[in-house]
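Engineer: Provided herewith is a single structure, encoded as C-alpha cells, for subsequent inquiry.
The values are calculated or read from the model by the stated rules, or taken from the named source; none is laboratory data. Predicted model only: the values in this text are computed from it and were never measured. Using ideal geometry, Cβ is built from the backbone for each residue, glycine included, and neighbour counts are taken over all protein chains shown.
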C-alpha cells in the first residue's frame, strides 16, 4: 500500500461514485416518462447484444497487433474458449480452461 | 415466505454461470489486490461497495500510483460508460420494482444484466423477487470470490500474469450464448466491429465514448432493417 487508508477510501469512493453514475443515469433521465419512447425501447432490445460485443473488444484494448506477439496469445486463447464452450457448453470449463491456456501462453511460449 | 423461496429456487439455476465466472474472477481480483499489498478488508470493501469487476481491476492502478481521485473518477466513468446501455435496456423491466429498484440499479453489472435482460421468471414466480435474488446472489458471489482470493493471495504465491484473461473469457462465453439465442446478429456485429474500428482509430485510452456514439448511430440509422427481424 502506498496510499494512506484515507486516500484509499477516497479512491474506493470515487470508483463507486463513477460506477453508480453510469448505472443510475438512464433511470434518472427517463424516470418521469409513463411509457418508454419507442426508439429508447428499440435500443433496449438491441443494445444488450451490441454492449457485450463492445465488452469483448474492450477487454482486448491493450493488445498490440503491430508489436510482437501481435495478439497471437489472445487469439489462441479466445479460440480455445469458443471451442470449449461450443463443445461442452460449461461456463466454468470454458472460462477456467481458456484462462489457464492464456496464462501458460504468456508465461512460457510468449514470455 | 413461500413467494421468496420459490423465487430463490427459480433464480439460482440462472446464476450458476455467474457463480463460476465471478468466483474465478473474484479470486483472481483478490489475489492481485493482495500482491499489491491490499488485504482482505480492502478487497471486501471494494467488492461490496463498488461491485464492478472491470472498474475494480482498473482501479488497482489508482491504488498503486500517486493519489489522484479525480482521474480515478473520470476513468471509472469511461470504463463503465457501457452501463448506460444496460440501464436503457432495463427501463421497462425494472419499472415496477418498487423499493428494490435502487438495489437493482446498484447491482446492474455486466453479468447480472446478461441474466435479467434475457430471462423471464417461470410462471407463478414473482418477477421482482426473482430479479432480487439474481441481483443478490451475483453480488454475494462476487464478494465471496474476492475474499477467497484475498485469503489465497496471502497464503500462496504464484505467477499471476494473464489471470485477468478470465474477464475476457467470461464475455466471450456470454457473447457466444447470445449469438446462439438469436437469428439476427446485426446488433452483436455492430458492437464488435464498431468498437474495434474506434479502438484502431482513437487508440486504447479514448475509444469507448466514440464507440458508444458510433454504435448508437448505426443502430439508429438501420433501425427499420434491424428491428424488423430481431424477434
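Engineer: Has region B:100-113 got at least one residue that is farther than 24 Å from residue B:181 by Cβ, more than 8 Å from every other protein chain (Cβ to nearest Cβ) and in contact with a helix residue (DSSP H, G or I) (Cβ under 7 Å, 6 or more places away or on another chain)?
Structural biologist: Yes, there is a match, as at least one residue in region B:100-113 is farther than 24 Å from residue B:181 by Cβ, more than 8 Å from every other protein chain (Cβ to nearest Cβ) and in contact with a helix residue (DSSP H, G or I) (Cβ under 7 Å, 6 or more places away or on another chain).
Engineer: Considering only residues of region B:195-206 that are in a loop (DSSP other than H, G, I, E, B) and more than 8 Å from chain A (Cβ to nearest Cβ), which is surrounded by the most Cβ atoms within 10 Å (Cβ to Cβ)?
Structural biologist: Initially, region B:195-206 is screened for residues in a loop (DSSP other than H, G, I, E, B), giving B:203-206.
When the remaining residues are screened for being more than 8 Å from chain A (Cβ to nearest Cβ), the result is B:203, B:205-206.
On the way: B:203: 10, B:205: 9, B:206: 13.
Result: B:206.
Engineer: Within region B:158-177, can you find the residues that are more than 7 Å from every other protein chain (Cβ to nearest Cβ) and assigned to a helix (DSSP H, G or I)?
Structural biologist: B:177
Engineer: Looking at region A:59-74 only, could you name the residues that are touching a helix residue (DSSP H, G or I) at 6+ places or on another chain (Cβ under 7 Å) and either more than 7 Å from chain B (Cβ to nearest Cβ) or modelled with pLDDT of 90 or more (or both)?
Structural biologist: A:60, A:63, A:73, listed by residue number.
Engineer: When region B:34-63 is examined, which residues are found to be facing chain A (nearest Cβ under 8 Å) and surrounded by 20 or more Cβ atoms within 10 Å (Cβ to Cβ)?
Structural biologist: Within region B:34-63, B:38, B:42, B:46, B:50, B:51, B:52, B:54, B:55, B:56, B:59, B:62, B:63 qualify.
Engineer: Also: What number goes with the only condition from (1) assigned to a helix (DSSP H, G or I); (2) modelled with pLDDT of 90 or more that residue B:28 does not pass?
Structural biologist: (2)
Engineer: Restricting to region B:64-74, give me the number of residues that are more than 8 Å from chain A (Cβ to nearest Cβ) and touching a helix residue (DSSP H, G or I) at 6+ places or on another chain (Cβ under 6 Å).
Structural biologist: Result for region B:64-74: 0.
Engineer: For region B:88-96, state whether one or more residues are at pLDDT 90 or above, assigned to a loop (DSSP other than H, G, I, E, B) and within 11 Å of chain A (Cβ to nearest Cβ).
Structural biologist: Checked against the condition, which is being at pLDDT 90 or above, assigned to a loop (DSSP other than H, G, I, E, B) and within 11 Å of chain A (Cβ to nearest Cβ), region B:88-96 yields at least one hit.
Engineer: Among the numbered criteria (1) under 30 Å from residue A:88 (Cα atoms); (2) away from every other protein chain (no Cβ under 12 Å), which one does residue B:124 miss?
Structural biologist: Against the list (1) under 30 Å from residue A:88 (Cα atoms); (2) away from every other protein chain (no Cβ under 12 Å), residue B:124 comes up short only on (1).
Engineer: When you check residue B:155 against the structure, is it away from every other protein chain (no Cβ under 11 Å), closer than 30 Å to residue A:111 by Cα and out of contact with any helix residue (DSSP H, G or I) (no Cβ under 6 Å at 6 or more places or on another chain), yes or no? Before you say what the answer is, go through the steps one by one.
Structural biologist: Working: away from every other protein chain (no Cβ under 11 Å): yes; closer than 30 Å to residue A:111 by Cα: yes; out of contact with any helix residue (DSSP H, G or I) (no Cβ under 6 Å at 6 or more places or on another chain): yes.
In short, yes.
Engineer: With the requirement that a residue be assigned to a helix (DSSP H, G or I) and either out of contact with any helix residue (DSSP H, G or I) (no Cβ under 9 Å at 6 or more places or on another chain) or at pLDDT below 90 (or both), what does region B:181-194 give you?
Structural biologist: Result: B:181, single match.
Engineer: Here's another thing I want to ask about it. Mind checking which residues of region B:77-86 are part of a helix (DSSP H, G or I) and either over 12 Å from the mean Cα position of the chain (by Cα) or touching a residue at least 40 places away in the same chain (Cβ under 8 Å) (or both)?
Structural biologist: B:77, B:78, B:79, B:84, B:85, listed by residue number.
Engineer: Please verify whether region B:21-33 includes one or more residues that are facing chain A (nearest Cβ under 7 Å), over 21 Å from residue A:49 (Cβ atoms) and under 16 Å from the mean Cα position of the chain (by Cα).
Structural biologist: Pass one, region B:21-33, residues facing chain A (nearest Cβ under 7 Å): B:21, B:24.
Then drop every residue that is not over 21 Å from residue A:49 (Cβ atoms), which leaves B:24.
If we keep only those that are under 16 Å from the mean Cα position of the chain (by Cα) as well, we get B:24.
Scanning region B:21-33 turns up at least one residue that is facing chain A (nearest Cβ under 7 Å), over 21 Å from residue A:49 (Cβ atoms) and under 16 Å from the mean Cα position of the chain (by Cα).
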